[in-house]
Amino acid sequence: MSDRSVIHDTFAIERTYPASPSRVFAAFASKEAKDTWGDTGGLDEAEPATGPVEFDFRIGGRERFGNVYQGVNYTYDALYYDIVPDERLVYSYEMYADGSRISVSVATIEFAEADDGTTLTWTEQGAYLDGIDGKDAPRLRHGGTSEMLDGLAKYLA
Amino acid sequence: MLERLSQGPASVSELGKPLDMSLAAVLQHVQILEASGLVDSRKLGRTRTCSLRAETLRSAERWISERRTFVERRLDRLGEYLADTADQPGGASPAAPHDPI
């Protein structure tokens, strides 16, 4: 039996912030800002992984970093395709877990002026690969499952 | 018990058979597994049939929902960040140059 599988998924999240589109856009545009709130900032229980770190915010530029979360080394590797200041970002990114490619996604972030600030719409279309459900799944699943089992242990105590 | 259920649904008495446990003790374990979201059970006549919850075990689906939650948490933090930097003239930090190519 083949270990290969692909699952497709799209999700969209909308938020309105009491800030101008240029301020919201700026939060995505510099490493200093993004480190404060973004992927690498404030992730509970995560520790930075060794590996390439890059933040090249321009069309054709890459963004890369990694974290170790619950014993699994996650690596993020993104490429910016479209940057329209104060309006839109389109990038693709790959995620690896302990060296296995687990997803390839396209993220579109739109900033629209609203009466009370800026409405941000984050749409992600992803192909989730066999790294998640295939032969590496038991190892990669370790994180989520151990969390669940910790809950079970607490419940039993 | 979970190993047995990974092969397919089973009744409470089938689950207890290989284990040296009373039916009441098995039922109590099933209830704990149910409460933790690992197992579903439903009563058919006089037997209670247990099965693994597919969505808990299907890691891709878990991963996707975690990814969504992760983005939502990030956007919450973005809101906090924007509030914290609201009184700084010109926004949070100067935007990086966005070179048109």
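Nothing in this text is a laboratory measurement; each read-out follows from the coordinates by a stated rule. On a predicted model such as this, the values are computed, not experimentally measured, just so you know. Quick reminder, even Gly has a Cβ in these numbers, built from the backbone with ideal geometry, and neighbours come from all protein chains shown.
According to the Kirkwood relation over distinct C-alpha pairs, the hydrodynamic radius of region B:2-52 is 10.8 Å. Each residue, A:A12 and B:E3, gets one label point 7 Å from its Cα in the Cβ direction; the gap between the two is 4.8 nm.
Cut-off is 10 Å between beta-carbons; in what order do B:S65, B:S6 appear when sorted fewest neighbours first?
Numbers: B:S65 13, B:S6 10.
In order of increasing Cβ crowding within 10 Å: B:S6, B:S65.
Using the 10 angstrom Cβ neighbour count as an exposure proxy, how do B:M1, B:M21 rank, fewest first? The partial results should precede the final answer.
On the way: B:M1 18, B:M21 15.
Sorted ascending by nearby Cβ count, the order is B:M21, B:M1.
Per-residue Cβ neighbour counts within 10 Å put A:H8, B:H29 in the sequence A:H8, B:H29, beginning with the fewest. Gain on full extension, evaluated as 0.36 nm per residue between B:Q28 and B:R53 minus their Cα-Cα distance, stands at 7.2 nm.
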